[in-house]
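Where a number appears in this text, it was derived from the coordinates with a stated rule and is not lab data. All of these numbers come straight from a predicted model, not from anything done at the bench. Methodologically, a virtual Cβ is constructed for each residue, glycine included, from the backbone with ideal geometry; neighbour enumeration extends over all protein chains shown.
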């Protein structure tokens with residue numbers, strides 16, 4: 001079998017294409033958000049904290065599918081810039097509750113337009129129907145393989161929904 005056939009097989013593998021799409025997605029986001037100096041991970045943390053202020057670090061990590069080391073690294077960078085505040089959690093003094101600072105909220109608001117432009121750029125090669133289909137297929141893939149993930153993904157409102 002010719003060597004180029006093996007490359008064709010490699011380049012058609014979902015894992016290869018997902019990794020490449022992630023690289024492109026990150027590059028587009030960082031390009032559009034250069035003016036506000038945010039990475040996709042930082043934007044994600046700030047967005048979750050705006051929606052659910054005062055989360056402990058473990059819940060925040062699960063809300064984004066991050067491992068503990070990643071969330072701590074991102075939080076450290078955001079705290080250094082004065083964008084978040086960490087304080088002892090009311091429920092447990094051993095845990096830290098994380099909230100947006102006023103500066104963090106302001107920067108997140110400034111980042112919304114460039115983040116939206118990044119989304120539009122990323123999805124531009126697809127029709128509206130293809131965009132919806134891509135998102136739906138990625139959600140099915142992520143949900144169907146959640147048990148294989150190295151870091152759990154648990155949206156912060158999931159617990160509230162199961163208790164309701």
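Screening residue 71 with (1) without any contact (Cβ under 8 Å) to a residue 24 or more places away in the chain; (2) touching a helix residue (DSSP H, G or I) at 6+ places or on another chain (Cβ under 7 Å); (3) surrounded by 14 or more Cβ atoms within 10 Å (Cβ to Cβ) gives one miss only, at (1). Counted as qualifying within the stretch 1-58 are the helices (runs of 4 or more DSSP H) with 2 or more residues that are in contact (Cβ under 8 Å) with a residue 24 or more places away in the chain and within 12 Å of the chain's Cα centre (by Cα), namely 14-32, 40-51. Which residues, counting only those in the stretch 68-104, are out of contact with any strand residue (DSSP E or B) (no Cβ under 6 Å at 6 or more places or on another chain), farther than 18 Å from residue 43 by Cβ and assigned to a loop (DSSP other than H, G, I, E, B)? 90, 91, 92, 93, 94 - these are the residues of the stretch 68-104 that are out of contact with any strand residue (DSSP E or B) (no Cβ under 6 Å at 6 or more places or on another chain), farther than 18 Å from residue 43 by Cβ and assigned to a loop (DSSP other than H, G, I, E, B). When 122, 108 are checked against the criterion of being in a helix (DSSP H, G or I), touching a strand residue (DSSP E or B) at 6+ places or on another chain (Cβ under 8 Å) and either loosely packed, with under 10 Cβ neighbours inside 10 Å or touching a residue at least 12 places away in the same chain (Cβ under 8 Å) (or both), 108 stands alone in meeting it. Total residues in the stretch 134-156 satisfying the condition of being touching a residue at least 60 places away in the same chain (Cβ under 8 Å) and over 22 Å from residue 119 (Cβ atoms): the figure is 5. Restrict the check to the stretch 53-64 and report whether at least one residue is surrounded by 12 or more Cβ atoms within 10 Å (Cβ to Cβ) and over 19 Å from residue 152 (Cβ atoms). Yes: one or more hits.
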